[in-house]
Every structure is written in C-alpha cells, then in structure tokens.
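Since every read-out is calculated from the coordinates, none of them should be taken as a lab result. For clarity, every value in this text was computed on a predicted model and none was experimentally measured. We place every Cβ from the backbone using ideal geometry, glycine too, and count neighbours over all the protein chains shown.
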Amino acid sequence: MNIYSSPKSELQTQEMLNNKRVMLGRVFCFLSLLMLCSIIGLYQTLSALIGIIQDVSSSNAADPKVVAGRISQAFVYMVQWLFLAVFGWLCTLVAIFFSSYRSRRYFAVWLLSSVILIVSIPFGSLFGLILALVLFFKRKEFKKLS
C-alpha cells in the first residue's frame, strides 16, 4: 500500500477544471433550450389575435371593451411562456460566459431564439437584443470548432 501520492501538477489540475467547465457548459446548453418556449407563446398569442380579428370582422358591431379584454388575454400566453424562456436565456448566458463548451448547433438555436425573442414585442425584445449582441461578439469562438 502506497501512502504517498504524488502531487498533481498544474497541468493536471487545469485539465480537470477544464473538463468540469465543459460538463457544466453542456448542462447549461441543454437547459438553454427552454428559450424555445417563446415560440409556443408567440404561436398561441398570434392564433388568439387572429381569432379575435376574425370574430370582429364577422360581426360588424363589436364592443371595444370586450375586444380589448380578449386582446389582453391573448398576450397572457406570451408572458406565461416567456417566464420559461427567460430561465433558458439566463442558462444561455452562463453557458457562453462561464463554460468552455462550444457547439455550432447550440449557436444556431440561440440565434433563432434571439430572433423569436426580438419579434415578441414588447415582452422579450430586450432579452433578444442582448442575446443577439452577445452572440455577435462571441461568434468567432463558435467558428473554431465544428
């Protein structure tokens, strides 16, 4: 039985730390897929708004208070799904800034999600713009690896 174990070199500890950062990055990249929930919210909101427009156009006399209430109810879908999308947005930023894991597939998903967030005016536009700017400045890191 060997009581003495050789001390770990700086290279070994750096490699272990890098492996942990890659694993942490993979977990946060997977959790960042929650940003795609904004697509569901956008779809539900748009379909509700189209239904409201069809109802108003089919009946010539529509009460403005009822229409306004239905429009505000339609935007509730967007807000509900954006709560999950904001959690995915935070996981995305953690994966970009605090991990060394880089994947072009996740980059493409994040780019799509930033466009969807920008389109979801006014609720997610700021989040989408921030993510688009971060991806723009970090794009060279994702081009290194395939």
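A few points about this structure:
- Simple point charges give the picture: +1 on the Cβ of Lys and Arg, -1 on the Cβ of Asp and Glu, and for the chain a dipole about the Cα centre of about 640 debye.
- Electrostatic bookkeeping for Tyr101 treats Lys and Arg as +1 and Asp and Glu as -1; over the other residues with beta carbon under 10 Å from its beta carbon, the sum is +3.
- Pairs of lysines in the stretch 11-144 (C-alpha under 30 Å apart; 8 or more residues apart or interchain): 4
- Relative contact order of the chain, pairs being alpha-carbon contacts under 8 Å that are 6 or more residues apart, as %: 30
- Sorted by Cβ density within 10 Å, fewest first, the residues Asp63, Asp55: Asp63, Asp55
- Per residue Cα convex hull volume in Å³ - calculated over the stretch 11-144: 92
- Only Cα sites of the stretch 73-146 enter the Debye sum here, all with the same form factor; the resulting log10 I(q)/I(0) across q = 0.21, 0.22 1/Å is -0.88, -0.95, listed in q order.
- Most mobile of Arg26, Arg70, Arg102 in a GNM of the chain (Cα contacts under 10 Å): Arg70
- Computed FRET value (nearest 0.05) for Phe136 with Phe87, which takes r as the C-beta separation and R₀ as 25 Å: 0.65
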